[in-house]
Amino acid sequence: MKLVAAFIAWIISSFACHHLAKVFLAQVTGSLPQLNPACPAAILTGVHMLFCWLMTARWEDGKLPADSSSAHRLANQSSEANFHFRVSMAMHVLSTFLTNWSLATMDAASTLAIKLMEPLVSALAQWAWLGQCLRCSGWVSLPLVIGGSLAFVSKPSQQAQSEALVTGVGLAMGSNVLLAVRNVAVKGLHSCHVHVGPRWSRLRLSAGILGATLLAAILLETEGAVPRGTHLAVTSLLLSGAFHVTYSLISTSVILRALDVVSHAMANVVKRVLVVALLYVSGSRSASFVNVAGLAVASVGLAVYVRGKSEGKAKVRNRGDVSIKGLLTPKSTTAKLVSLTLVTCLSTCLLLSLSAPVNLSVCLLQLSPVREDSSSGNHARNVLLPAPTENSPFGLHWPGPPANYTLLAQWSEFMSRDYVHQDPFDTNMLALQLSNNDDVIWEMQRLQTTVLASVLGGRRHVMLLGFAMSENKGDSAITAGEMALLRRLNVSVVFCCEIRNCSDASLQRAWNISRHYNSSSLAILMHGGGNLVGYPLADFVRRKILGLFPDFPSVLLSQSIWLHKRNEAHVNECRELYSHRENLTIFLRDRQSLGLAQKLFPGTKLMLMPDMAFGLGRVPRTMPPTHDIVWIKRRDFESSGYELPDFPANLSVYVGDWWNWKTNPGMSPMETSLLMTFNGLSFLQRGRVVITDRLHGHILSVLLGIPHVLIDNPPYFKLSSFWRTWTAGLSNVALATSGGEALVKAQELLKRWSGVIPPAMLCLKDECS
């Protein structure tokens, strides 16, 4: 009965340890997306080992655990026991680190699946080192248990990437080998009548350290000295350490004392299967027919193994004392040495196959002033302030990770990917799972900072060429988002020019500046927007830029491709211009444009990336609404030409295009672009709800948190393509195809969000004069 209770406690503490570990890893990955997964895994392992040192003691039969510093050096312990202890501790540290690293690299289900191979590795280790062969029933049951368990815990993943899989497999398999050695060494401790158990005298000290650390994290977060969510990361980290020492003690001092090494590994399989079963019961996972069938097969295999163990119980339990120290003596047979070599080589080869680059530091780049080319003359103007250190500088609000930490844990493998080199076309998968504005904005900015930092490859300087200064507030918002993103990365913009000022003379000045840099320190950025292929002037400027800087890496920031009948000849020119350019990366902001680019521009690096206006972050309301609905209706050739419906008398509706909402000019084109952006944000804030047929009416409404309706523009489908790619999960956004449908959906949003959005401040036209 006591063994059953210990087994239940083993399951619960193991589940808690690994779940909390995933929460910690997801928090760190979300806050520092550029950090290599090995770093948080090392921190997690360090805390686990700290708790093991604080909370465990070693003693011989007939002796009580000591409380002094000499507790781990009892005078009467044999050298063999010391050897077993050192080996078991070293293997425990290394296997814990590899397991944590595996958790940080791929999802927990994949890690569990690989670690279900532990009985097979343990059987090989037991045969090679201890000379204990499995009975026939054992070899029959192993594939049934392992195969069935793999099917039970498996979860089809559309996001799997080969490099992460290789990394995770290598780490988890290496952990299996190390755990097998640890368990053999622990059995050697048992044969020397040495015990490892809890050190109760340090319970108060451990609780004090845990409480003080957590309190410090809460206070620092309250003062704004650390990012939001730090207290959760610290809490999950510390509790994971406490549960780690709990389940490790149960595993090595209770379960492993009652079972042999292979039976302990089989019990570990049962434990892991039950841990996944808890996920199914809690609703964190859904079970398929394959999962249920796998559980049935594993149960049959386990029954075969238990029956075989019962028949051979006497033989198994009458083995002599266990020692791995004998491995180092000439008495070891050639077969054992060959087996040991094979197992070691297997784990070594898997670990050497890890191809993910290890970069243990986040690149902190120094900012220098911007040299802006203005139409008013040739002068350098320092338009940027010193690099900020707070999370939300310049009055902007950059949201923290979502509060749904279970979701983050499930998507931690996706968030740790190298999107640039392995997964450039499916970067939108997490964004579609998010329904809250802050969460979507956080994910967009996480992608932007991660990908752009990777593309820049440590370069500290860029040129931003062809930025927009336009009363089409969306173009200006892209410019503002680009500058905010570069400031966030602490990248120095050494030259920039507005698209109408990118003359030959201006670009020549840019080329002269580039002579002070080389291709490893400077990158060329070209402004994003919706003018790829569809607007020849922008492509003409980019042709000059690409021809002038062929040796520097170039990035065309997030773009849409607009094909129409009037630009068929220009399409062929663009195909020649953008194809087969090894030094060019093009960001496409919707899946429709990505598909077109894949057909039009072979041989050039393409990536699916969100619109750069998201670099601004969350924008709080700064004024009360003055209308129930603000309706942006464009009148150019991108419009679908839909008709306006009749408006109810009790509804205040403003219809117009923000092109006519004029902005006072600033002191430079860049400042004017920033003013136009925030003038556009004010334009939208006049409405409790927004209806828009402009893409950036949608994007800026997302940043403001204003419920809104998109009217698509067939046959181009510019808005719906972006919505389906990135923001379809938002609960306060609707898509319409006509004016009448848009009005109905806007009224539904007014009703549904009436308790959230403020009332209109002004009266209706027929009530005021």
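Distances between placed amide hydrogens fall under 5 Å for residue 711 paired with 692, 693, 736, all partners being 5 or more residues away or on another chain. Listing 694, 634 from fewest to most neighbouring C-beta atoms within 10 Å gives 634, 694. Here's how it looks for residue 585: its modeled amide H is under 5 Å from those of 554, 555, 556, which are all 5 or more places away or on a different chain.
What is the fewest-to-most order of 425, 51 by other Cβ atoms lying within 10 Å of their Cβ?
Details: 425 14, 51 21.
The most exposed by this proxy come first: 425, 51.
Over the range 388-509, the ratio between the Cα radius of gyration and 2.2 N^0.38 Å evaluates to 1.23.
Put +1 on the Cβ of every Lys and Arg and -1 on every Asp and Glu Cβ in the range 627-767; which of 690, 706, 640 then has its Cα farthest towards the positive end of the dipole? Projecting each Cα onto the dipole axis, the largest value belongs to 706. Rounded to the nearest 20, the size of the Cβ-charge dipole of the range 610-769 about its Cα centre is 360 debye, with Lys and Arg at +1 and Asp and Glu at -1. For residue 631, the residues whose modelled amide H falls within less than 5 Å of its own, excluding neighbours fewer than 5 places apart on the same chain, are 654, 655, 656, 691. The string of couplings for the range 13-24 from the Karplus curve (6.51, -1.76, 1.60, θ = phi - 60°) is 5, 5, 4, 5, 4, 6, 5, 5, 4, 5, 4, 4 Hz, one whole number per residue in order, with x for Gly and Pro.
Of the listed peptides 699-706, 727-734, 607-614, 40-47, what is their order by residue-averaged count of other C-beta atoms within 10 Å, with the highest listed first? Present the calculation step by step, with values, prior to reporting the outcome.
Working: 699-706: 24.8, 727-734: 18.9, 607-614: 27.6, 40-47: 21.0.
Descending packing order for the listed peptides: 607-614, 699-706, 40-47, 727-734.
When the square roots of the Cα gyration tensor eigenvalues are ordered a ≥ b ≥ c, the ratio a/c for the range 471-577 is 1.5 or more and a/b does not exceed b/c, which makes its shape oblate.
Computed 3J(HN,Hα) for the range 724-741, one whole-Hz value per residue from the Karplus formula 6.51 cos²θ - 1.76 cosθ + 1.60 where θ = phi - 60°, is 5, 7, 10, 10, 5, x, 5, 7, 10, 10, 10, 10, 10, 10, 8, x, x, 5, glycine and proline marked x.
Taking loop as defined by DSSP and a crowding limit of 11 other beta carbons within 10 Å, which GluC sites (Glu not before Pro) in the range 558-615 fit?
On the way: sites: 568, 573, 576, 582; in loops: 582.
Answer in residue order: 582.
For the range 627-767, just say rounded, prolate or oblate: build the C-alpha gyration tensor, square-root its eigenvalues into a ≥ b ≥ c, call rounded for a/c under 1.5, and beyond that prolate if a/b exceeds b/c, oblate if not. Since a/c stays below 1.5, the shape of the range 627-767 is classed as rounded. Karplus-based coupling profile of the range 641-649, in residue order and whole Hz: x, 5, 9, 6, x, 6, 9, x, 5, with θ = phi - 60° in 6.51 cos²θ - 1.76 cosθ + 1.60 and x standing for Gly or Pro. A simple charge model with +1 on the Cβ of Lys and Arg, -1 on the Cβ of Asp and Glu and nothing else charged puts the dipole of the range 555-670 at about 260 debye relative to its Cα centre.
Find the relative contact order for the range 627-767 and round it to a whole percent, using C-alpha pairs within less than 8 Å whose residues are 6+ positions apart. Please list the in-between numbers first.
On the way: 205 pairs, mean separation 39.8, N = 141.
This gives 28 percent for the range 627-767.
Shown for 693, 712: other C-beta atoms within 10 Å of each C-beta, ranked fewest to most, produce the order 712, 693.
Read-outs: derived from the displayed coordinates by stated rules, not from any lab. Every value quoted in this text rests on a predicted model; they were computed, and no experiment measured them. Note that we place each Cβ from the backbone using ideal geometry, even for glycine, and neighbour counts take in every protein chain shown.
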